[in-house]
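Novice: Take this structure, written in structure tokens, and hold onto it; I'll ask about it next.
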Amino acid sequence: MALFDLSLEELRAYRSASAEPEDFDAFWSQTLEETREHDLDVRFDPVDTGLTTVQVYDVTFAGFGGHPVKGWLTLPSRVDAPVPVVVEYVGYGGGRGLPHEHLLWASTGRAHFVMDTRGQGSAWGGGGGTADPVAGAPAYPGFMTRGIDAPENYYYRRVFTDGVRAVDAARAHPLTDPARTVALGSSQGGGITLAVGGLVPDLAAVAPDVPFLCDFPRATALTDRNPYREIGNYLKTHRGRSADVLRTLSYFDAVHFAPRGSAPALFSTALEDQTCPPSTVFAAFNAWAHEDKAIEVYDFNDHEGGGPYQQAAQLRWLRSHA
């Protein structure tokens with residue numbers, strides 16, 4: 001499909017109509033406060049991967065509710081002083097995979113921490129191993145409507161909190177430099193990046209690619225692709241609940257985390273992306289608070305976005321930040 005969303009000129013001026021909850025900050029402050037009552041309990045277990053240029057640790061830390069969350073920490077093989085650390089969140093349905101899938105950032109001399117996404121890791125890649133022990137109300141298959149009956153129960157409350165704790169875990173290793181922490185990810189990982197960027201005040205930089213979880217009111221009405229379509233399919237059965245559902249989603253909309261973003265940011269979007277439409281990405285980009293921000297636009301790409309070209313852009317851009 002060719003261009004289906006707003007023109008690039010309109011995208012650069014677009015602002016979301018999503019209504020921010022009055023208690024947005026209080027909701028997230030309480031969520032993180034309750035989580036921090038649980039000890040981080042981070043463990044770094046060395047793994048013999050057969051790789052000689054990097055050292056790998058199998059990581060476990062306490063996320064939302066104290067639940068165990070997995071990750072990989074990869075460091076260059078010869079490191080004797082703290083280095084910058086890149087914390088990565090993965091796309092929808094994926095997990096942390098296998099260590100040899102994550103070699104780019106350690107190859108730059110940085111540490112790399114990839115977080116497993118609770119309850120996912122069974123749709124693509126090398127899989128995942130983090131359960132989501134919280135039961136929820138009836139939901140459409142997938143993750144978008146799990147616990148959608150109330151913000152307190154919603155699936156992404158747990159995931160975003162895990163994302164914040166992943167930063168804490170990555171910073172806990174003696175060979176990572178907390179002052180040079182970067183958060184990044186693509187699609188769902190980009191949406192988690194934006195949430196973490198709004199909740200963690202001292203990141204060095206964030207780099208969300210073709211981010212998901214942005215501008216729910218527009219996304220759910222504009223695209224019929226999953227995962228956003230899961231919400232529409234839920235509402236096909238639960239008629240008359242649109243206002244309640246959008247209220248729950250408003251607590252997790254990257255558009256509302258963006259005004260709290262205090263780090264330089266490099267976004268990306270693709271103008272033919274029907275999974276995460278460009279207007280929804282620009283809604284978050286235009287609201288991002290830090291003045292040092294840029295967005296790479298890929299004119300003829302769908303949800304694959306810039307792919308390796310965007311990685312090259314990140315490599316250039318991060319030289320100035322971490």
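The values are calculated or read from the model by the stated rules, or taken from the named source; none is laboratory data. Small disclaimer: the values here were computed from a predicted structure and weren't measured. FYI the Cβ positions are ideal-geometry reconstructions off the backbone, even for glycines, and counts take in every protein chain you see. Areas reflect the complete protein model, heavy atoms only, side chains present, ligands, DNA and RNA absent. Shrake-Rupley method; radii C 1.70, N 1.55, O 1.52, S 1.80 Å.
Novice: For the chain, what relative contact order do you get, as a whole percent, if you take Cα pairs closer than 8 Å and at least 6 residues apart?
Specialist: On the way: 726 pairs, mean separation 57.2, N = 322.
The value is 18 percent.
Novice: Just flag the trypsin sites (Lys or Arg not before Pro) in the stretch 168-256 sitting in loop per DSSP whose Cβ has no more than 16 other Cβ atoms within 10 Å. Write down the numbers at each step before the final one.
Specialist: Working: sites: ARG171, ARG180, ARG218, ARG225, ARG229, LYS236, ARG239, ARG241, ARG247; in loops: ARG225, ARG239, ARG241.
Qualifying residues, ordered by number: ARG225, ARG239, ARG241.
Novice: For the stretch 223-322, how big is Rg over Rh, using alpha carbon atoms and the Kirkwood form of Rh? Don't skip to the end; give the middle numbers.
Specialist: Numbers: Rg = 16.0 Å, Rh = 15.3 Å.
That ratio is 1.05, to two decimals.
Novice: Bin width 5 Å, alpha-carbon pairs only: give the P(r) of the stretch 87-243 as whole percents, running from 0 to the bin holding the largest distance.
Specialist: Distribution as computed: 2, 9, 17, 21, 20, 14, 9, 5, 2, 1, 0 percent.
Novice: Another question, if that's okay. Quick one: helix 24-35 against the long Cα principal axis of the chain, what's the angle to the nearest 10°, folded into 0 to 90?
Specialist: Result, in degrees: 40.
Novice: Find the eigenvalues of the gyration tensor of the Cα atoms of the stretch 160-314, then list the square roots of 5 times those eigenvalues as equivalent ellipsoid semi-axes, largest first, in whole angstrom. Walk me through the intermediate numbers first.
Specialist: Working: eigenvalues 144, 72, 33 Å².
For the stretch 160-314, the ellipsoid semi-axes come out as 27, 19, 13 Å.
Novice: Taking the Cα atoms only, what angle lies between the long axis of helix 155-172 and the longest principal axis of the chain, rounded to 10 degrees?
Specialist: 20
Novice: OK, next. What FRET efficiency, computed as 1/(1 + (r/R0)^6) with R0 = 51 Å and r the Cβ-Cβ distance, is obtained for SER122 and ASP177, rounded to the nearest 0.05?
Specialist: Result of the calculation: an efficiency of 0.90.
Novice: Using only the Cα atoms, what convex hull volume per residue in Å³ does the stretch 1-91 have? The partial results should precede the final answer.
Specialist: Details: hull volume 22.0 nm³, N = 91.
Residue-normalised Cα hull volume stands at 242 Å³.
Novice: For the chain, report the convex hull volume of the alpha-carbon atoms normalised per residue, in Å³, without decimals.
Specialist: That works out to 122 Å³ per residue.
Novice: Okay, moving on. Accessible area of the chain with a 1.4 Å probe: how many percent of it is carbon plus sulfur? It would help to have the intermediate numbers written out before the result.
Specialist: Working: 6460 of 12970 Å².
The value for the chain is 50 percent carbon and sulfur by accessible area.
Novice: I would also like to ask the following. How charged is the neighbourhood of TRP28? Take every other residue with its Cβ under 15 Å from the Cβ of TRP28, and add Lys/Arg as +1 and Asp/Glu as -1. Present the calculation step by step, with values, prior to reporting the outcome.
Specialist: Values: positive: ARG36, ARG157, ARG158, ARG165, ARG260; negative: GLU20, GLU22, ASP23, ASP25, GLU33, GLU34, GLU152, ASP162, ASP253.
Around TRP28, the charge tally is -4.
Novice: What accessible area per residue comes out for the chain, rounded to a whole number of Å², with a 1.4 Å probe?
Specialist: Values: 12970 Å² over 322 residues.
On a per-residue basis, the chain sits at 40 Å².
Novice: What angle, in degrees between 0 and 90 and rounded to the nearest 10, separates the Cα long axis of helix 308-318 from the longest principal axis of the Cα atoms of the chain?
Specialist: Helix 308-318 sits roughly 70 degrees off the main axis of the chain.
Novice: Still on this structure, please answer the following. Just to be sure I understand the model, the point goes 7 Å from the Cα along the line to the Cβ. What's the resulting HIS290 to GLU37 distance in nm?
Specialist: With each label placed 7 Å out from Cα toward Cβ, I get 3.2 nm.
Novice: Once R0 is set to 45 Å, what does the formula 1/(1 + (r/R0)^6) return for the Cβ-Cβ distance between THR49 and GLU152, expressed as a FRET efficiency to the nearest 0.05? Present the calculation step by step, with values, prior to reporting the outcome.
Specialist: Working: r = 40 Å, r/R0 = 0.88.
Result of the calculation: an efficiency of 0.70.
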